[in-house]
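Engineer: Please see the structure below; I have some questions.
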Amino acid sequence: ETGVTQSPTHLIKTRGQQVTLRCSSQSGHNTVSWYQQALGQGPQFIFQYYREEENGRGNFPPRFSGLQFPNYSSELNVNALELDDSALYLCASSLEAAGGVETQYFGPGTRLLVL
Amino acid sequence: DAKTTQPTSMDCAEGRAANLPCNHSTISGNEYVYWYRQIHSQGPQYIIHGLKNNETNEMASLIITEDRKSSTLILPHATLRDTAVYYCIVRVRRWDDKIIFGKGTRLHILP
């Protein structure tokens, strides 16, 4: 167990809808990264949040957006869902500090199915 | 793109050592080798990382060649629960560096 939790575990949406996924980081970790994993592929970096600001983004369109809250928990929002958005969405937390833990620890993921 | 090359799949008998190779011939001096594994439909699990010296923890050992162009992850006594996809990743040791995953090696532990 990494201490990173995600909700919900599974979700079914229809094309065009919007979805919000949630992540609680490991205690003390102030950085959250989000990844998308399509079936049979490795996870792909979406973006990262640090101190409530986006701190780096992968090759994903603007309809993928996020938030980080003062308690370091985070949300991933996807608007105008497309069939190809069906995937396992993973969040990972890490700590920014002098000599801090750089390793990213992953949550169990949210499996999204878009019909 | 991922900076590593791994075999697509491997088999190992239960109780034997599983040796998973990884090539990273373009690794830079400040980049570490990280290993994660992903058991079916779960989030990736951190295993171990190293820079140039061999490393060992309660899960595995990491052997890095002297020229750092390749490495081997060793699971000393594989069990059925070690069946997973193993990812070898090269990255700088920074809190904000994103992880670039390849396709990994699918390890099957045979009873």
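The values are calculated or read from the model by the stated rules, or taken from the named source; none is laboratory data. Predicted model only: the values in this text are computed from it and were never measured. Because the Cβ atoms are built from the backbone with ideal geometry, glycine has one as well, and the counts that use them run over all protein chains shown. Note: areas computed on protein heavy atoms with side chains; ligands, DNA, RNA excluded. Shrake-Rupley method; radii C 1.70, N 1.55, O 1.52, S 1.80 Å.
Engineer: Can you tell me which residues in region B:40-96 are of a type in the set (Val, Ile, Thr) and either closer than 26 Å to residue A:5 by Cα or at pLDDT below 95 (or both)? Write out each step before concluding.
Structural biologist: Taking region B:40-96 and keeping what is of a type in the set (Val, Ile, Thr), we get B:47-48, B:56, B:63-65, B:72, B:74, B:79, B:83, B:85, B:89-90, B:92.
Of everything in region B:40-96, those that are of a type in the set (Val, Ile, Thr) and either closer than 26 Å to residue A:5 by Cα or at pLDDT below 95 (or both) turn out to be B:47, B:48, B:83, B:85, B:89, B:90, B:92.
Engineer: Among the residues of region B:68-77, is there at least one that is under 28 Å from residue A:95 (Cβ atoms) and over 13 Å from the mean Cα position of the chain (by Cα)?
Structural biologist: Among the residues of region B:68-77, at least one is under 28 Å from residue A:95 (Cβ atoms) and over 13 Å from the mean Cα position of the chain (by Cα), which makes the answer yes.
Engineer: May I ask you to list the residues in region B:70-111 that are under 15 Å from residue B:7 (Cβ atoms), of a type in the set (Gly, Ala, Ser) and away from every other protein chain (no Cβ under 11 Å)?
Structural biologist: Those that are under 15 Å from residue B:7 (Cβ atoms), of a type in the set (Gly, Ala, Ser) and away from every other protein chain (no Cβ under 11 Å): B:70, B:71, B:84.
Engineer: Collect the residues in region B:6-32 that are at pLDDT below 95 and closer than 26 Å to residue A:107 by Cα, keeping them in residue-number order.
Structural biologist: Result: B:31, B:32.
Engineer: Filter region A:11-42 for residues that are touching a Lys or Arg at 6+ places or on another chain (Cβ under 9 Å), farther than 24 Å from residue A:56 by Cα and either facing chain B (nearest Cβ under 10 Å) or modelled with pLDDT under 95 (or both) and give the result.
Structural biologist: Once the filter is applied, which keeps residues that are touching a Lys or Arg at 6+ places or on another chain (Cβ under 9 Å), farther than 24 Å from residue A:56 by Cα and either facing chain B (nearest Cβ under 10 Å) or modelled with pLDDT under 95 (or both), region A:11-42 yields only A:40.
Engineer: Name, by its number, the condition in (1) open to solvent by less than 40 Å² (accessible area, probe 1.4 Å); (2) under 12 Å from the mean Cα position of the chain (by Cα); (3) closer than 23 Å to residue A:29 by Cβ that does not hold for residue B:45.
Structural biologist: Status for residue B:45: all satisfied but (1).
Engineer: Test of understanding: among B:36, B:32, which residue is surrounded by 15 or more Cβ atoms within 10 Å (Cβ to Cβ) and either out of contact with any Gly (no Cβ under 7 Å at 6 or more places or on another chain) or away from chain A (no Cβ under 12 Å) (or both)?
Structural biologist: On the way: B:32 fails: either out of contact with any Gly (no Cβ under 7 Å at 6 or more places or on another chain) or away from chain A (no Cβ under 12 Å) (or both).
The conditions single out B:36.
Engineer: Which residue out of A:47, A:64 is away from chain B (no Cβ under 13 Å) and touching a Phe, Trp or Tyr at 6+ places or on another chain (Cβ under 9 Å)?
Structural biologist: Result of the check over A:47, A:64: A:64.
Engineer: Residues that are within 26 Å of residue A:6 (Cβ to Cβ) and either acidic (Asp, Glu) or in contact with a Cys (Cβ under 7 Å, 6 or more places away or on another chain) (or both): does region B:25-39 have at least one?
Structural biologist: Scanning region B:25-39, I find at least one residue that is within 26 Å of residue A:6 (Cβ to Cβ) and either acidic (Asp, Glu) or in contact with a Cys (Cβ under 7 Å, 6 or more places away or on another chain) (or both), so the answer is yes.
Engineer: While we're looking at this one, here's another question. Considering (1) open to solvent by 60 Å² or more (accessible area, probe 1.4 Å); (2) closer than 29 Å to residue B:33 by Cα; (3) more than 12 Å from the chain's Cα centre (by Cα); (4) within 12 Å of chain B (Cβ to nearest Cβ), say which one residue A:108 fails and leave the rest.
Structural biologist: If we test residue A:108 against (1) open to solvent by 60 Å² or more (accessible area, probe 1.4 Å); (2) closer than 29 Å to residue B:33 by Cα; (3) more than 12 Å from the chain's Cα centre (by Cα); (4) within 12 Å of chain B (Cβ to nearest Cβ), just (3) comes out false.
Engineer: Hand me the list of strands (runs of 3 or more DSSP E) wholly inside region B:1-102 holding 1 or more residues that are within 21 Å of residue A:39 (Cβ to Cβ). Before you say what the answer is, go through the steps one by one.
Structural biologist: Details: elements: B:9-13, B:18-23, B:31-38, B:45-50, B:61-64, B:70-75, B:84-92.
Fully inside region B:1-102 and qualifying: B:9-13, B:31-38, B:45-50, B:84-92.
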